[in-house]
Every structure is written in structure tokens, then in C-alpha cells.
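The next block holds one structure in the form of C-alpha cells; read it before the comments.
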Amino acid sequence: MRPDAGQVLHFSEDPTITRFVPHVARTSVIGTPYVWAVDGDRCPDYWFPRQCPRAMAWRGPRTTPGDVERIIGAGCGERVHAVEYAWLKAIMDVRLYAYRLPAADFEPIGDPPHAVVAQVPVEPLGPPEPVSDLIELHEEAGIQLRVLDNLWPFWNQVTASTLEFSGIRLRNARR
């Protein structure tokens with residue numbers, strides 16, 4: 001599930017949204033109200049239930065071959081996503097939807113950019129599309145999906161490596 005040219009996506013478990021209005025996210029350290037979405041490169045970060053903690057790592061321009069072999073695995077592709085066993089059933093059962101939004105309303109946020117944001121209300125380009133099997137999406141994209149008892153040892157290795165990474169909803173991970 002990726003956006004077409006001129007589009008960005010917003011993933012949600014709510015299929016009834018007709019208009020996205022800028023707001024300050026409950027967990028945001030940024031006080032500016034935004035509508036959040038992602039481009040094609042960051043869509044896989046959201047192929048999960050909303051509250052699912054996930055740690056993601058991928059090869060970047062400064063990544064060493066040793067870190068790729070040690071963390072992603074030799075011959076295992078360019079990217080790995082890790083989740084906890086406790087979330088596996090939710091990943092298989094969630095009904096996730098993708099809203100296609102006009103990219104012209106959005107600008108990148110972060111350094112490097114990790115999402116796109118709009119400061120004006122945005123209406124979807126059409127009805128939300130059901131997102132298919134999330135595990136299958138990972139497989140088709142060549143993204144290794146690793147299921148762990150606890151994310152923190154993996155996260156600590158990733159953040160100390162030369163890999164690029166992102167962690168989402170880590171506050172929901174086991175302690």
C-alpha cells in the first residue's frame with residue numbers, strides 16, 4: 001500500500017474520516033497543529049495497528065556492512081521491523097485503512113524528514129481503502145518482520161549502530 005504520484009497516505013483504524021483537521025497530537029513535543037501523513041518511503045512504518053510498538057532499522061548512506069550483517073542479517077534485505085509477540089495477533093486481526101490525500105497540501109517535517117504535515121484541513125481524495133494483510137505487505141516489500149519477546153535489547157543495538165532507524169509507540173513496549 002503506497003501512494004500514487006501527487007499523493008500521500010494517512011493510515012487509520014477509523015474508516016469514517018471525511019476531513020482531516022490540524023491538531024496537536026497527544027504525544028507531540030511540537031505545539032503546532034498538523035495533519036500528519038507519509039510518503040511512499042515511510043508507508044511501511046505504519047503497516048501496524050496504531051498502538052503497536054515497533055522498532056525499525058534500515059541501511060543508510062553511512063551504514064557499515066558489519067552493522068547490516070549484525071542487526072539486519074546477511075542476505076536479509078535492506079530493512080527490518082521488529083515487534084513483540086504480544087502484538088502479533090493484533091497485527092493479524094487489525095482492520096487498517098489508508099486515506100489518499102493530495103501531496104500539494106503537505107510539506108516534509110523532521111531532519112531527516114520522517115513524515116509530511118499540513119497546517120490546513122485536508123479532505124481525502126476518495127473513500128478509505130482497506131489495507132491488506134500486514135504481514136504479506138512486509139513480505140512483498142522485502143522487509144524482514146522480526147517478532148521478539150522484548151523490543152528493548154534490539155532497540156538498544158539499533159540506536160547504537162550506523163543504521164538509520166525509527167521507533168514508534170515504544171512507550172507501549174514491555175519494560
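Derivation of every value follows stated rules applied to the coordinates shown; laboratory data play no part. What you see is a predicted model, and the numbers here were worked out from it, not measured in a lab. Counting neighbours? That spans all protein chains shown, and the Cβs are built from the backbone with ideal geometry, glycine included.
Here the Karplus relation 6.51 cos²θ - 1.76 cosθ + 1.60, evaluated at θ = phi - 60°, turns the backbone of region 29-40 into coupling constants of 9, 9, x, 7, x, 9, 9, 9, 7, 9, 8, x Hz, with x for every Gly and Pro. Just so you know, the Rg over Rh for the chain is 0.96, from Cα atoms, with Rh as the Kirkwood radius.
Note on residue 170 and residue 120: the extension gain reaches 15.1 nm, defined as 0.36 nm multiplied by sequence separation minus the Cα-Cα distance. The phi torsions of region 104-117, fed into the Karplus equation with coefficients 6.51, -1.76 and 1.60 and a -60° offset, translate into couplings of 4, 7, 10, 9, x, 10, x, 9, x, x, 10, 6, 10, 9 Hz, rounded to whole numbers, with Gly and Pro shown as x.
Of interest is the spacing of the C-alpha centroids, which for region 79-116 and region 119-173 amounts to 6 Å.
A Förster radius of 22 Å combined with the Cβ-Cβ distance from residue 141 to residue 4 puts the calculated FRET efficiency at roughly 0.85.
Amide H contacts of residue 84: 148, each under 5 Å away and 5 or more positions distant or on a separate chain (H built 1.01 Å from N in the peptide plane; Pro and chain starts excluded). Here the 3J(HN,Hα) profile of region 139-156, calculated from phi with Karplus coefficients 6.51, -1.76 and 1.60 at θ = phi - 60°, is 4, 4, 7, x, 9, 5, 10, 9, 10, 10, 5, 8, 6, 5, x, 5, 4, 5 Hz, Gly and Pro shown as x. Subtracting the Cα-Cα distance of residue 27 and residue 89 from 0.36 nm times their residue separation leaves 19.8 nm of extension gain.
Convex hull volume of the C-alpha atoms in region 1-62, normalised per residue: 153 Å³. The magnitude of the dipole of region 34-80, with charges of +1 and -1 set on the Cβ of Lys/Arg and Asp/Glu and taken from the Cα centre, is near 120 debye. Amide H contacts for residue 42 (H built 1.01 Å from N in the peptide plane; partners 5 or more residues away or on another chain; cut-off under 5 Å): none found. Dipole magnitude for the chain: about 640 debye, using +1 per Lys or Arg Cβ and -1 per Asp or Glu Cβ, origin at the Cα centre. The label point for residue 17 and the one for residue 148, both projected 7 Å from the Cα toward the Cβ, are 2.9 nm apart.
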